[in-house]
Amino acid sequence: MSPNGLALPVVLPMLTGIALILLPRRAEWQRRISAVSTAVGFLIAVALIRQVRAEGIQVLYVGDFPAPFGIVFVGDLLSTLLVALNMLVAAAVLWYAFLTMDPERERFFFYPLFQFLLMGINGAFLTGDIFNLFVWFEVLLIASYILLTLGGEPYQLQEGFKYVMINMLASTLFLVSVSVLYGTLGTLNMADMAVKIAEVKDSPVVAIASVLLLIVFGIKAAIFPLYFWLPRSYVAPPGAVTAFFGGVMTKVGVYAMVRVYTLLFGVDDGFTYTLLVWIAGLSMVVGILGTLAQMDFKRILTWHIISQIGYMVMGLAIFTPLALAGAIYYVAHIMVVKTALFLASGVTEKLTGTTNLKKMSGLLTTHPALGALFFVGGLSLAGVPPLSGFFGKFTLIQAGLAEGRYGIVATAVGVSLFTLFSMIKIFRTSFWGEVRHKAAADRAVDLRTYGALLGPLALLVAVSVGMGLGAQFTVGYVLESAHQLLQPSLYIQAVLGSGLGS
Amino acid sequence: MELAAIIAIGVLFGSGIYLLLKPRLLRVVFGSALISHAVNLLLLTSGRLKRGGAPLVGDVPAPVTDPLPQALILTAIVIGLGTTALILVLAYRIYQEKGTDDLRQLRGLEDES
């Protein structure tokens, strides 16, 4: 089988987006086309995973230029898995958007922009060229700038401006590190760069570039000292957009960090990985402290993002196959569960007209199904077996104990307890008790709409349960993928070894 | 030649950061524009500033210029153009909605102060 399929997760959303702009802006057509395209994209991604498992790392030489000169697309176990999850989460979010997005936003290019966002994210996962990575980051960021501010509510504009500026600064720093690396190594192909970096050992310029890249991806992923933009900007857009941003966007930063620190700077210099451990611990603690201070459904969830990024960085920092497998599992788990919880908060907002926990209660009496789905999602986030969150944390903690990193392990366990606590806080105030919020009378959400709203939520929760129950398979997959990451020679061999593609 | 370019990059970066830290919308936008110019210059310098032949296959005089940085800069300029245009619209819309361009008045949520 040829590796041309690697281009499809990028080309398909691009063509769909262009078609949606050109076609008449009739909502039902826009919906149908984007739904079909996203579903097909998910199937293609699953086919790619099967292909990579069967035939090893796939490399597509774009335009048939030989390896270090042209742009390459590389599909390994990690990147194809993330593409598939991205499309899956996107499908659920789109389903939710069909039911909730207001007609004005639908008319003003919400669906095409969403497709362009998917294109950027898939491109970032699949590319094997660092400048191309920058370009995909820009594609997804520009789409996200517009999605964040679409609608033009004053709060959206105000927070959108800050989001744009922070990300623009991060992109500029990304370009600085790319140009520094290019000036030193004379190449932009990541596999080739890995070879050259191994040759110029201990070059101070490379060290500077690596720290700059850590800052860049740190801003995108919202790790400890660079998270300040996230909690406010992510609550600004409508529920569907928040859910997708919260579930997927920061993980692109985590992916880039994992890719760069396994492939390019995968040598322990005794400093970087210690720094990463501290960043991981502090992100967990700061994020969870943020959730404790909030009394708002959405804002609690956004602060949680920071704390969970900490777990992923922890896996990268410990840097053993088991730890990395835990981190990958955790990324996959969070993409699914976080989106599910944001969707739950969106449904709650539709029902009660507020996200303020103090203004709602007793939802379990009136809407038991929503309560049950949120409960399962919340427990999964906190890491209660047999749900998916448990296996992610279990793997990470096991890896930490094996390496004797007791400090970070204790932090991870402690923060887990507080995660459970904050989930219980939401459950206790909004689902238990007597009905206090103004019930659905004035917020005309009839039973059928409500039932439909639970669809995407149920899908994602089911995936989370499935990931947990099928842990034999899922943990096996991420372990395999971690082994692949920790042997950069496989990646380099695949990209440079075979010369021109077949 | 490289030294002059490096000093120019430093000055552009410095002034860009200075403008970014100002609490006015338009100055922040100009600051980001300056910084992106600084990076374009840095990309150009990273390919070494020198005279040389065109990088074509065949008979070319020995020192050949590196065409890649220019391709990278072109991409970066296009992206910068798009983003700056978007930010200008955003800044204008903020001014329309909020009636101010002072970033100190553009913070916080409705229920916190």
Checklist entry - What are the residues in the stretch A:333-382 that are within 14 Å of chain B (Cβ to nearest Cβ) and either closer than 19 Å to A:Leu88 by Cα or in contact with a strand residue (DSSP E or B) (Cβ under 7 Å, 6 or more places away or on another chain) (or both), if any? => result A:Thr355, A:Asn356, A:Leu357
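Please verify whether A:Gly389 is small (Gly, Ala, Ser), open to solvent by less than 20 Å² (accessible area, probe 1.4 Å), under 16 Å from A:Arg299 (Cα atoms) and assigned to a helix (DSSP H, G or I), treating the condition exactly as stated. Give the steps one after another, and end with the answer.
Details: small (Gly, Ala, Ser): yes; open to solvent by less than 20 Å² (accessible area, probe 1.4 Å): yes; under 16 Å from A:Arg299 (Cα atoms): no; assigned to a helix (DSSP H, G or I): yes.
Taking the combined requirement at face value, the residue does not satisfy it.
Has the stretch B:5-13 got any residue that is touching a residue at least 40 places away in the same chain (Cβ under 8 Å) and at the interface with chain A (Cβ under 9 Å from one of its Cβ atoms)? Walk me through it before giving the result.
The first filter runs over the stretch B:5-13 and keeps only residues touching a residue at least 40 places away in the same chain (Cβ under 8 Å), leaving B:5.
Subset that is at the interface with chain A (Cβ under 9 Å from one of its Cβ atoms): none.
Checking the stretch B:5-13: not a single residue is touching a residue at least 40 places away in the same chain (Cβ under 8 Å) and at the interface with chain A (Cβ under 9 Å from one of its Cβ atoms).
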Item to check | Hits in the stretch A:61-90 (condition: open to solvent by less than 20 Å² (accessible area, probe 1.4 Å) and over 18 Å from A:Val258 (Cβ atoms)) | outcome: A:Tyr61, A:Ala67, A:Gly70, A:Val72, A:Met87, A:Val89, A:Ala90
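Being within 15 Å of A:Ile33 (Cα to Cα) and either part of a helix (DSSP H, G or I) or within 16 Å of the chain's Cα centre (by Cα) (or both) is the filter here; which residues of the stretch A:94-114 pass it?
If we filter the stretch A:94-114 for residues that are within 15 Å of A:Ile33 (Cα to Cα), which is where we start, we get A:94-95, A:97-98, A:106-107, A:109-114.
Within the stretch A:94-114, A:Leu94, A:Trp95, A:Ala97, A:Phe98, A:Glu106, A:Arg107, A:Phe110, A:Tyr111, A:Pro112, A:Leu113, A:Phe114 meet the criteria.
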Checklist outcome for this item: In the stretch A:16-30, anything among the charged types (D, E, K, R) and part of a loop (DSSP other than H, G, I, E, B) is listed as A:Arg25, A:Arg26
Checklist entry - Any residue in the stretch B:45-60 that is more than 30 Å from A:Leu147 (Cβ to Cβ), hydroxyl-bearing (Ser, Thr, Tyr) and away from chain A (no Cβ under 11 Å)? => result no
Checklist entry - Can you spot a residue in the stretch A:106-123 that is charged (D, E, K, R), open to solvent by less than 20 Å² (accessible area, probe 1.4 Å) and in contact (Cβ under 8 Å) with a residue 60 or more places away in the chain? => result yes
Item to check | Tally, over the stretch A:124-146, of residues that are aliphatic (A, V, I, L, M), open to solvent by 10 Å² or more (accessible area, probe 1.4 Å) and under 30 Å from B:Ser46 (Cα atoms) | outcome: 3
Next on the checklist: I'm trying to understand the selection: among the residues of the stretch A:177-191, which are in contact (Cβ under 8 Å) with a residue 24 or more places away in the chain, open to solvent by less than 20 Å² (accessible area, probe 1.4 Å) and not hydroxyl-bearing (Ser, Thr, Tyr)?
Outcome noted: A:Val178, A:Leu181, A:Leu188, A:Asn189, A:Met190, A:Ala191
Checklist outcome for this item: Of the residues in the stretch B:16-32, those that are surrounded by fewer than 19 Cβ atoms within 10 Å (Cβ to Cβ) and not aromatic (Phe, Trp, Tyr) come to B:Ile17, B:Leu20, B:Leu21, B:Lys22, B:Pro23, B:Arg24, B:Leu26, B:Arg27
Item to check | Single residue of the stretch A:147-161 satisfying the filter (more than 7 Å from chain B (Cβ to nearest Cβ) and crowded, with 21+ Cβ neighbours inside 10 Å) that is nearest to A:Pro231 (Cα to Cα) | outcome: A:Glu159
Next on the checklist: Is it the case, given these coordinates, that A:Pro225 is part of a helix (DSSP H, G or I) and within 14 Å of another protein chain (Cβ to nearest Cβ)?
Outcome noted: no
Checklist entry - Out of the stretch A:395-405, which residues are surrounded by fewer than 19 Cβ atoms within 10 Å (Cβ to Cβ) and in contact (Cβ under 8 Å) with a residue 40 or more places away in the chain? => result A:Gln398, A:Ala402, A:Glu403
Next on the checklist: Looking at A:Thr38 and the list (1) open to solvent by less than 30 Å² (accessible area, probe 1.4 Å); (2) closer than 30 Å to A:Thr262 by Cα; (3) of a type outside the set (Phe, Trp, Tyr), which single condition is not satisfied?
Outcome noted: (2)
Checklist entry - On the given criteria, is A:Thr274 within 14 Å of chain B (Cβ to nearest Cβ), open to solvent by 50 Å² or more (accessible area, probe 1.4 Å) and out of contact with any Phe, Trp or Tyr (no Cβ under 7 Å at 6 or more places or on another chain)? => result no
Next on the checklist: Of the conditions (1) within 14 Å of chain A (Cβ to nearest Cβ); (2) in a helix (DSSP H, G or I); (3) over 23 Å from B:Ile94 (Cα atoms), B:Leu26 satisfies every one except a single condition; which number is it?
Outcome noted: (3)
Checklist entry - Identify, please: which residue in the stretch A:288-341 is small (Gly, Ala, Ser) and over 24 Å from A:Leu85 (Cα atoms) and is, among those, surrounded by the most Cβ atoms within 10 Å (Cβ to Cβ)? => result A:Gly290
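Report yes if some residue within the stretch B:30-47 is part of a loop (DSSP other than H, G, I, E, B), more than 30 Å from A:Leu157 (Cα to Cα) and over 20 Å from the mean Cα position of the chain (by Cα); otherwise report no. Break it down stepwise before answering.
Taking the stretch B:30-47 and keeping what is part of a loop (DSSP other than H, G, I, E, B), we get B:47.
Narrowing further to those that are more than 30 Å from A:Leu157 (Cα to Cα): B:47.
In the following step, the residues that additionally are over 20 Å from the mean Cα position of the chain (by Cα) were identified as none.
Among the residues of the stretch B:30-47, not one is part of a loop (DSSP other than H, G, I, E, B), more than 30 Å from A:Leu157 (Cα to Cα) and over 20 Å from the mean Cα position of the chain (by Cα), which makes the answer no.
Could you identify the single residue in A:Leu48, A:Leu15, A:Leu20 that is touching a Ser or Thr at 6+ places or on another chain (Cβ under 9 Å), under 24 Å from A:Ala92 (Cβ atoms) and open to solvent by 40 Å² or more (accessible area, probe 1.4 Å)? Before the answer, list the steps.
Numbers: A:Leu48 fails: open to solvent by 40 Å² or more (accessible area, probe 1.4 Å); A:Leu20 fails: open to solvent by 40 Å² or more (accessible area, probe 1.4 Å).
Every option except A:Leu15 fails the conditions.
The values are calculated or read from the model by the stated rules, or taken from the named source; none is laboratory data. Worth saying up front: this structure is predicted, and the values here are computed from it rather than measured. A quick note on method: Cβ atoms are made from the backbone with ideal geometry, for glycine too, and the neighbour counts reach across all protein chains shown. Please note that ligands, DNA and RNA were not included when accessible areas were found on the heavy atoms of the full protein model with its side chains. Shrake-Rupley method; radii C 1.70, N 1.55, O 1.52, S 1.80 Å.
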